[in-house]
1. For region 255-348, which fully contained helices (runs of 4 or more DSSP H) count at least 3 residues that are over 27 Å from the mean Cα position of the chain (by Cα)?
2. Consider Ser401 carefully, then state whether it is among the small types (Gly, Ala, Ser), modelled with pLDDT of 80 or more, open to solvent by 20 Å² or more (accessible area, probe 1.4 Å) and over 23 Å from Ala234 (Cβ atoms).
3. Taking region 60-97 as the search range and keeping residues that are β-branched (Val, Ile, Thr) and part of a strand (DSSP E or B), which one is nearest to Gly151 (Cα to Cα)?
4. Give me the residue from region 314-338 that is open to solvent by 10 Å² or more (accessible area, probe 1.4 Å) and closer than 15 Å to Val364 by Cβ and, out of that set, nearest to the ligand (Cβ to nearest atom).
5. Which pairs turn up if I take residues in region 192-221 that are more than 14 Å from the ligand (Cβ to nearest atom) and part of a loop (DSSP other than H, G, I, E, B) and look for partners that are open to solvent by 40 Å² or more (accessible area, probe 1.4 Å) and not charged (D, E, K, R) with beta carbon separation below 6 Å, at least 6 apart in sequence or on another chain?
6. Here are Pro302, Pro308, Pro260: which of them is within 16 Å of the ligand (Cβ to nearest atom), buried (at least 18 other Cβ atoms within 10 Å of the Cβ) and either modelled with pLDDT of 95 or more or among the β-branched types (Val, Ile, Thr) (or both)?
7. Can you tell me how many residues within region 7-29 are closer than 18 Å to Thr45 by Cα and surrounded by fewer than 17 Cβ atoms within 10 Å (Cβ to Cβ)?
8. Looking at region 115-131, can you tell me whether even one residue there is part of a loop (DSSP other than H, G, I, E, B), surrounded by fewer than 22 Cβ atoms within 10 Å (Cβ to Cβ) and at pLDDT below 95?
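The values are calculated or read from the model by the stated rules, or taken from the named source; none is laboratory data. Everything numeric in this text was worked out from a predicted model, so none of it was measured. Glycine gets a Cβ as well: all are built from the backbone with ideal geometry, and neighbour counts include every protein chain shown. Surface accessibility is based on the protein's heavy atoms, side chains included, excluding ligands, DNA and RNA. Shrake-Rupley method; radii C 1.70, N 1.55, O 1.52, S 1.80 Å.
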Amino acid sequence: MTTDLPDFAGLLGADRVLTGARRTNGYLRDFSSYSPILENAPSTTTVDAVLRPRSVPELAAVVSAAARHRVPMTLRGSGTGNHGQSLPLQQGIVVDVRDIAGVLEVAPGRISVLPGTIMRDAEEAARATGQELAIMPSSYRVATASGFVCGGSAGIGSAAHGDLWDGNVLAVEILTAEENPRLIRLEGIEAFPVLHTYGTVGVVTRIELRLTPARRYEASYAVFEDFTVAAAFAWDLVNSELRTRLVSLQQAPLVTMFEPVADLFRPGAHAVLILAEAARTEELAGFVRVREGMWQLWPEEPHISEFPFSHTILWTKKAEPESSWLQCRYADDRRGFLEQVAAVSTRYPGVLVQHVELTKGLVVKPMGIPMLRGLPDHEGALDELMNYCRSLGMRLHNPHSCVVEEGGFVGEVGALLALKARTDPHHILNPGKLGDSFFTTRPPATRPPAE
Ligand SMILES: Cc1cc2nc3c(=O)[nH]c(=O)nc-3n(C[C@H](O)[C@H](O)[C@H](O)COP(=O)(O)OP(=O)(O)OC[C@H]3O[C@@H](n4cnc5c(N)ncnc54)[C@H](O)[C@@H]3O)c2cc1C
């Protein structure tokens, strides 16, 4: 261990401080390997130590010591982020929060959890009271609550309740990265600066998420000959009275790349993966039939949640390792959405393979996570493709950068930087990820000197 680190072993116990490449290398990887650009970018980074505190007071002691010694500090949940969010760009410490886990309280419409709580455990605790999480990532079996709030965006449930910014995060509590850390509670829209900002504005110690009445869902899928018809169906389904938790639109040949279930689909099938209230199954089947689609129940295993959102990339990368992906937002009106879908299909058949998660908060926000394949010359052709999508009015997010602003989810960062000035005066929280450019922060910088 580098000698000028604080005595973390004295604070936590030696078994809670991991050092040496063999024990820390696993913490220098996440799912940014989906991106051909991010894949190699942070590979030169190292850490002095990985810390595994067991409680919020232990976490506060770590934060205080790191602030005193100006040690860069990157928080980490389960490391399933796709954008390199939890990979330290500067040497220092990684703090793994998975042992600070547990449900603190379940009340009507609200669950309060510790940061390292696995989202599935939160869902189970909610269900025990007749409620369910309004939203959770499709990686809910492994992802932590603080990782979802700080690094995610939407997921299972978003077809009915939208994304993180749609009132689904009721409150968060953060520790400031100061010698004497302060605990700040942020409620409702005050919590926005923490959402999807990669732990750059505070160390999250408590998360309060929205619950809704529990329902029993049935997984199924609909298949169509024509992709625009499938897209119109998906749009109408998410706007219907049929209570859906997932509406995932997948252009051919995506579903035939889903290895474990590929034989459910004939070549050329455009599919919509659906989680809808079990009691409405008959209506759903009818809804598909009048649109001349084919409807089937999904098999028991593997669960349907293993295929939408970023899971789709998992399977397409496996089928075609050279492929890549993008993130984008389509129009939030039906006509505009369908025009964009048709235009992209015509201009980039088989190249920009459309995958759209239909999320609906106050309005429908179709979230595109398309596969890119067979682009002739990566950089020039990609720019042209992105410019074409922009010319249609689509908003492009860049999944190939680990900098908050360049990811495109967060928009204006003024309020964020103002909060960070108060919460992270020594700039030790996940340095390089906010107010920087990915293209200038890639090489690991040296640690700022302690005062
Ligand atoms: C197969 C697959 C499917 C996925 N599906 C979805 C999906 O449906 N929806 C979605 O939104 N995402 C999805 N993701 C991305 C990712 O899984 C989620 O965002 C997940 O919620 C991240 O949780 P984590 O515990 O792995 O966080 P990590 O990746 O460990 O961390 C994410 C970010 O949170 C920060 N952080 C963690 N804990 C704290 C804390 N206590 N205080 C401050 N900062 C903290 C980290 O520094 C990092 O910047 C998917 C990823 C994969 C690989």
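1. In region 255-348, 281-289, 334-347 are the helices (runs of 4 or more DSSP H) which contain 3 or more residues that are over 27 Å from the mean Cα position of the chain (by Cα).
2. Details: among the small types (Gly, Ala, Ser): yes; modelled with pLDDT of 80 or more: yes; open to solvent by 20 Å² or more (accessible area, probe 1.4 Å): no; over 23 Å from Ala234 (Cβ atoms): yes.
Judged against the criteria, Ser401 is not a match.
3. Among residues in region 60-97 that are β-branched (Val, Ile, Thr) and part of a strand (DSSP E or B), the one nearest to Gly151 (Cα to Cα) is Thr74.
4. Ranking the qualifying residues of region 314-338, first place goes to Arg329.
5. Ala214/Gly130
6. One residue alone meets the criteria, Pro308.
7. 7
8. Within region 115-131, not a single residue is part of a loop (DSSP other than H, G, I, E, B), surrounded by fewer than 22 Cβ atoms within 10 Å (Cβ to Cβ) and at pLDDT below 95.
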